[in-house]
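The values are calculated or read from the model by the stated rules, or taken from the named source; none is laboratory data. As the structure is a prediction and not an experimental result, all values here were calculated from the model. Ideal geometry is used to build each Cβ from the backbone, glycine not excepted, and the neighbour counts take in all protein chains shown. Just so you know, the surface numbers come from the protein's heavy atoms only, side chains and all, with ligands and any DNA or RNA stripped out. Shrake-Rupley method; radii C 1.70, N 1.55, O 1.52, S 1.80 Å.
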Amino acid sequence: AGGYYEQSTLKFDRAVTIDTSLGGQLQPVLGLPNITSLLSGFQYSADQIRRNHKYELDSDAWALFAQGTFNLTDTVRLTLGLRYTEETKEATSDQFLSDDVTGLNTPSDNYFLGEIEAENFDTYRYNYDEDRDTDQWIPSANVQWDITDDAMVYITYSEGFKSGGFTGADD
């Protein structure tokens, strides 16, 4: 018999920053305008844009379990086990685009910035705060038969599970 407890936190803060002026180095060579000048007709001017993704997952899990072996005869044994597990997960995820006009850590509501996000990062803005609870009974059984002193056969039945979760991937 025994017990198990685990508490964990996963946190990350990812930021991908793009210098929209390309450092002023490539435009003369390639003859290309920078993103800022492309958007200037739309009253938008930024030297840097950033995709920000903040994620936190808190997990708590505990389990109680027991197993026992019963000698049915001198050559046949039965082992039974049972485990009960509960797990709670809470996740918050916030993804947004920002620029150096509003501040690289401040979400921007600029429409064109949203278009850049969709086209160049293949992603979208979102914010969610979700949780989930899982509990499961997990049985096991095993029968062993000693055919001779040197040979034994057995049959086993057992179950397992992996609780669901949340993705931390940038979407």
Accessible-area composition of region 116-156, carbon plus sulfur, in percent [1.4 Å probe]
47
Once phi is turned into ³J(HN,Hα) by the Karplus curve 6.51 cos²θ - 1.76 cosθ + 1.60 with θ = phi - 60°, what whole-Hz value does each residue of region 51-67 show in order, with x for glycine and proline?
9, 10, 9, 10, 9, 9, 10, 10, 10, 10, 9, 8, 8, 10, 8, 8, 8
Take Y124 and Y4, extend 7 Å from each Cα along the Cα→Cβ direction, and tell me the distance between the two endpoints in nm.
3.8
In region 119-164, the GluC sites (Glu not before Pro) that fall in loop regions by DSSP, at most 11 other Cβ within 10 Å:
E159
Please work out how much length the chain gains when fully extended from D94 to A169, using 0.36 nm per residue of separation minus the C-alpha to C-alpha distance, in nm with one decimal.
25.9 nm
Calculate the FRET efficiency for A66 and E86 from the Cβ-Cβ distance with a Förster distance of 22 Å, rounded to the nearest 0.05.
0.85
Relative to the present Cα-Cα distance, how much length would full extension add between S140 and D13 at 0.36 nm per residue of separation?
41.6 nm
Residue span L78 to T102: 0.36 nm per residue of separation minus Cα-Cα distance leaves a gain in nm of 1.8 nm
For a paramagnetic label modelled at 7 Å from the Cα of F161 toward its Cβ, which residues of region 79-96 fall within the zone defined by backbone nitrogen distances under 19 Å?
81-90
